[in-house]
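Enquirer: Below: one structure in structure tokens.
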Amino acid sequence: MITLIQAFRLCDIRKDEIVSLRVYQAGLSGRSVPVMPEKVRRVLDMKRIKVHKIDTRFGYDGDFLGFEFLVTGITEDALRKKLEWS
């Protein structure tokens with residue numbers, strides 16, 4: 001398990017690349033929230049949020065769509081509110 005900021009560095013996330021965050025809770029995972037990395041850096045506490053799994057996302061035609069991070073340290077409701085209203 002690593003922090004979200006470490007995961008962004010590990011995956012070399014660019015400013016124009018869309019990432020998806022999915023909250024992990026007791027064996028279940030909620031819906032994925034797509035967001036731009038700059039918004040994540042501005043709104044969330046990236047040192048507090050822990051990443052359990054990193055997945056790659058691809059479209060039907062094989063195009064790379066970005067990374068998806070399975071995270072803890074924030075609830076799904078709090079994540080959606082912070083990312084929607086900022």
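Enquirer: Could you run through the range 46-55 and say how many residues are touching a residue at least 40 places away in the same chain (Cβ under 8 Å), part of a strand (DSSP E or B) and either of a type in the set (Val, Ile, Thr) or over 11 Å from Ile2 (Cβ atoms) (or both)?
Expert: 2
Enquirer: With the structure loaded, tell me whether Gly73 is on the phi > 0 side of the Ramachandran plot, surrounded by fewer than 17 Cβ atoms within 10 Å (Cβ to Cβ) and not hydrophobic (A, V, I, L, M, F, W, C) or whether it fails that test. If you could, list the steps in order and put the result at the bottom.
Expert: Numbers: on the phi > 0 side of the Ramachandran plot: yes; surrounded by fewer than 17 Cβ atoms within 10 Å (Cβ to Cβ): no; not hydrophobic (A, V, I, L, M, F, W, C): yes.
Judged against the criteria, Gly73 is not a match.
For (1) buried (at least 17 other Cβ atoms within 10 Å of the Cβ); (2) more than 11 Å from the chain's Cα centre (by Cα); (3) modelled with pLDDT of 90 or more; (4) part of a loop (DSSP other than H, G, I, E, B), each residue gets a yes or a no:
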{"site": "Ala7", "(1), (2), (3), (4)": "yes, no, yes, no"}
{"site": "Arg57", "(1), (2), (3), (4)": "no, yes, no, no"}
{"site": "Glu68", "(1), (2), (3), (4)": "yes, no, yes, no"}
{"site": "Ser86", "(1), (2), (3), (4)": "no, yes, no, yes"}
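Enquirer: Which members of the range 21-45 meet the condition of being crowded, with 18+ Cβ neighbours inside 10 Å and either part of a loop (DSSP other than H, G, I, E, B) or without any contact (Cβ under 8 Å) to a residue 12 or more places away in the chain (or both)?
Expert: Answer for the range 21-45, where residues must be crowded, with 18+ Cβ neighbours inside 10 Å and either part of a loop (DSSP other than H, G, I, E, B) or without any contact (Cβ under 8 Å) to a residue 12 or more places away in the chain (or both): just Leu44.
The values are calculated or read from the model by the stated rules, or taken from the named source; none is laboratory data. Since the structure is predicted, the reported quantities are computational estimates derived from the model, not experimental observations. All Cβ positions, glycine included, derive from the backbone under ideal geometry; neighbour counts span all protein chains shown.
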